[in-house]
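First the structure, in the form of structure tokens, and then the observations on it.
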Amino acid sequence: MKKTELTQERLKELLSYDPETGVFRWRVSLSNRKPVGTIAGYIERHGYRCIRIEPRRYKAHRLVWLYVTGAWPKDQLDHINGVRTDNRVSNLREATRIENNRNSKFYANNTSGFRCVRWVARAKKWEAYIGLGGRHTYLGLFPTPEEASAAYEAARVKYFGEFRRAV
């Protein structure tokens, strides 16, 4: 038997959504663990809120899109402010994988304190680079990390537009 796709109508039967807070609450009780009015879902290991509905697991931000627009997103959804649990519809936008990645957080091994800025010991300067087309593109060497970051920010505005992450 083929599973049927969740529809906006069925979603609205099961859950209510508050666009001001981005929170889903149960309209019906599907079990003793999910009483009416309680916040739906749980935070999974990558930091996204997930909600289990008959018996599939959905990321809440994708359910928001279905709930509000009546359609599933064409590709990915980007959390504009980078907070994975902030599922207000005003904080979500459709994006490609590349656009979504452009709005990502710092790497864990970042030591400069700035995005796409690294120390080049042999030159004793700070290098700025930007990822374009799957490759790092060199932006220059600078005496301070702040100057290197400014060069990176200018390139981000030029190449990424609205999908650049606010620093």
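Are any residues in the stretch 130-150 modelled with pLDDT of 80 or more and loosely packed, with under 11 Cβ neighbours inside 10 Å, and if so, which ones?
Scanning the stretch 130-150 gives ARG135, TYR138, PRO143.
Tell me, yes or no, whether the stretch 64-79 has at least one residue that is modelled with pLDDT under 90 and of a type outside the set (A, V, I, L, M).
No, every residue in the stretch 64-79 fails to be modelled with pLDDT under 90 and of a type outside the set (A, V, I, L, M).
In the stretch 151-167, which residue that is buried (at least 16 other Cβ atoms within 10 Å of the Cβ) and not in a loop (DSSP other than H, G, I, E, B) is modelled with the highest pLDDT?
Checking each candidate, the answer is ALA151.
Filter the stretch 11-51 for residues that are modelled with pLDDT under 95 and among the basic types (Lys, Arg) and give the result.
Result: ARG33, LYS34, ARG45.
Go through the stretch 41-83 and give me each residue that's under 18 Å from GLU13 (Cβ atoms), surrounded by 11 or more Cβ atoms within 10 Å (Cβ to Cβ) and either touching a Lys or Arg at 6+ places or on another chain (Cβ under 6 Å) or among the acidic types (Asp, Glu) (or both).
GLY41, ALA60
Can we say GLU127 is within 30 Å of ARG52 (Cβ to Cβ), modelled with pLDDT under 95 and touching a strand residue (DSSP E or B) at 6+ places or on another chain (Cβ under 9 Å)? Step through it out loud before you land on a result.
Numbers: within 30 Å of ARG52 (Cβ to Cβ): no; modelled with pLDDT under 95: yes; touching a strand residue (DSSP E or B) at 6+ places or on another chain (Cβ under 9 Å): yes.
Judged against the criteria, GLU127 is not a match.
Pick from the stretch 17-36 the residues that are part of a strand (DSSP E or B) and under 22 Å from the mean Cα position of the chain (by Cα): which of them is surrounded by the fewest Cβ atoms within 10 Å (Cβ to Cβ)?
Once the filter is applied, the top-ranked residue is ASP18.
Return the pairs, sorted by first residue and then second, in which the second residue is among the polar types (S, T, N, Q), the first residue lies in the stretch 123-147 and is in a strand (DSSP E or B), the beta carbons are less than 6 Å apart, and the residues are 6+ apart or on different chains.
Partner pairs satisfying both residue conditions: ILE130/THR137.
Determine whether the stretch 61-76 contains at least one residue that is touching a strand residue (DSSP E or B) at 6+ places or on another chain (Cβ under 9 Å), in a loop (DSSP other than H, G, I, E, B) and of a type in the set (Val, Ile, Thr).
Pass one, the stretch 61-76, residues touching a strand residue (DSSP E or B) at 6+ places or on another chain (Cβ under 9 Å): 61-68, 73-76.
Subsequent filtering for residues that are in a loop (DSSP other than H, G, I, E, B) retains 73-75.
Now narrow it down to the ones that are of a type in the set (Val, Ile, Thr): none.
No - not one qualifying residue is present in the stretch 61-76.
The values are calculated or read from the model by the stated rules, or taken from the named source; none is laboratory data. As the structure is a computational prediction, the values presented were derived from the model and not from experiment. Cβ coordinates were reconstructed from backbone atoms using ideal geometry, including for glycine residues, and neighbour counts include every protein chain displayed.
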